[in-house]
1. Would you pick out the residues in region 244-264 that are assigned to a helix (DSSP H, G or I) and of a type outside the set (Gly, Ala, Ser)?
2. Just checking, how many residues over region 193-239 are outside any strand (DSSP E or B), surrounded by 18 or more Cβ atoms within 10 Å (Cβ to Cβ) and charged (D, E, K, R)?
3. Does region 31-38 contain at least one residue that is at pLDDT 80 or above and in contact with a Leu (Cβ under 6 Å, 6 or more places away or on another chain)?
4. Taking region 232-273 on its own, how many of its residues are among the acidic types (Asp, Glu) and in contact with a strand residue (DSSP E or B) (Cβ under 7 Å, 6 or more places away or on another chain)?
5. Let me confirm something: among PRO125, PRO152, which residue is within 25 Å of TRP75 (Cβ to Cβ), assigned to a loop (DSSP other than H, G, I, E, B), in contact (Cβ under 8 Å) with a residue 60 or more places away in the chain and open to solvent by less than 60 Å² (accessible area, probe 1.4 Å)?
6. Name every residue in region 190-220 that is in contact with a Gly (Cβ under 9 Å, 6 or more places away or on another chain), touching a residue at least 12 places away in the same chain (Cβ under 8 Å), more than 16 Å from CYS30 (Cα to Cα) and small (Gly, Ala, Ser), in order of residue number.
7. Name the pairs whose Cβ atoms lie under 7 Å apart, with the first residue in region 233-244 and touching a residue at least 60 places away in the same chain (Cβ under 8 Å), the second hydroxyl-bearing (Ser, Thr, Tyr) and in a loop (DSSP other than H, G, I, E, B), and 6 or more positions between them or separate chains?
8. Hey, among the residues in region 28-39 that are surrounded by fewer than 19 Cβ atoms within 10 Å (Cβ to Cβ) and more than 14 Å from HIS208 (Cβ to Cβ), which one's nearest to the chain's Cα centre (by Cα)?
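The values are calculated or read from the model by the stated rules, or taken from the named source; none is laboratory data. Just so you know, these numbers come straight off a predicted model, no measurement behind them. Note that each Cβ is placed from the backbone with ideal geometry, even for glycine, and that neighbours are counted across all protein chains shown. The accessibility values were calculated without ligands, DNA or RNA, using every heavy atom of the protein model including side chains. Shrake-Rupley method; radii C 1.70, N 1.55, O 1.52, S 1.80 Å.
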Amino acid sequence: TSFVMGAGNDDPDRAPDELPHLRQIPRSFCLSSHETTLAQFAAFASESQDNAPQWLQDFSWERTADALPCTNISWFEAAAYCNWLSDQEGLPPEQWCYRPNDQGQYGPGMRIARDFQRLRGYRLPTEAEWEFACRAGASTEFPWGSTWPGYPASSTDSTEFAMYAVWAGNSWNLSSDNPAFGIHPVAGRMPNAFGLYDMIGNVWEWCHDWYDANYYAGSPSTDPAGPSDGQWHVLRGGSWGNDAKQLRSANREFVVPDYLFNFIGFRTVRPAR
């Protein structure tokens, strides 16, 4: 299938790295319907103390909120979780998408499998896959059909926004003692047309790709996999602390792969059987 990736020419807030371009995704793929939860990641981490982030060891009380998206997870840890899922389904290591570094760790120096898009293992979505799934057929800035700028401009707009997304308007802008302040349990809002929850808002999501502003519009039009290396990995989707501008389907952010923050989570993808 093909779609136009990036912000439209009529978007006054379009960043230089959001230029529109046609993309083709020739393979069917399955994307998790919601962000990886705390309970899901804790199951992985509990199998090996080496895989348990320090925050999970120190703050075990957070496990009571099993349906919250898992946050404070680096790109490296998300990649390790993907390989663990592949192992849980009995896939041999040659079908896993990520390779530990020479010290056997998921950290600097780890490698991405060659032709990873053709492997059967779990992984993080490419940026093109993520935006295709987020838009769910919509060409507007928001997947539920609303456009930018000037939205949300009314209480009716804000109510509509809150139906689909956890964002600043119904979380960050509230007082910290309000129960709605902060991240929300996954799948608590309306899904997009593909049945995917929280593609916009709640927590930022790691993508597979390295970030390169110039590569984005100049990359291959079919099944782009991102640059072969870089300093930063792409984040998509915005979070509970962002306003509408950062929640547009085309908006891009990036951070170093070992960055930990309670606004960042992830979801997984694998080829359709």
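1. The answer is LYS245, GLN246, LEU247.
2. The total comes to 2.
3. yes
4. Of region 232-273, the ones among the acidic types (Asp, Glu) are 243, 253, 258.
Checking which are in contact with a strand residue (DSSP E or B) (Cβ under 7 Å, 6 or more places away or on another chain) leaves us with 253.
The number of residues fulfilling the criteria is 1.
5. Working: PRO152 fails: within 25 Å of TRP75 (Cβ to Cβ).
Answer to the check: PRO125.
6. GLY201, ALA217
7. Once the first residue is touching a residue at least 60 places away in the same chain (Cβ under 8 Å) and sits in region 233-244, its partners that are hydroxyl-bearing (Ser, Thr, Tyr) and in a loop (DSSP other than H, G, I, E, B) give HIS233/TYR211; VAL234/TYR211; TRP240/SER171; ALA244/TYR151.
8. SER33
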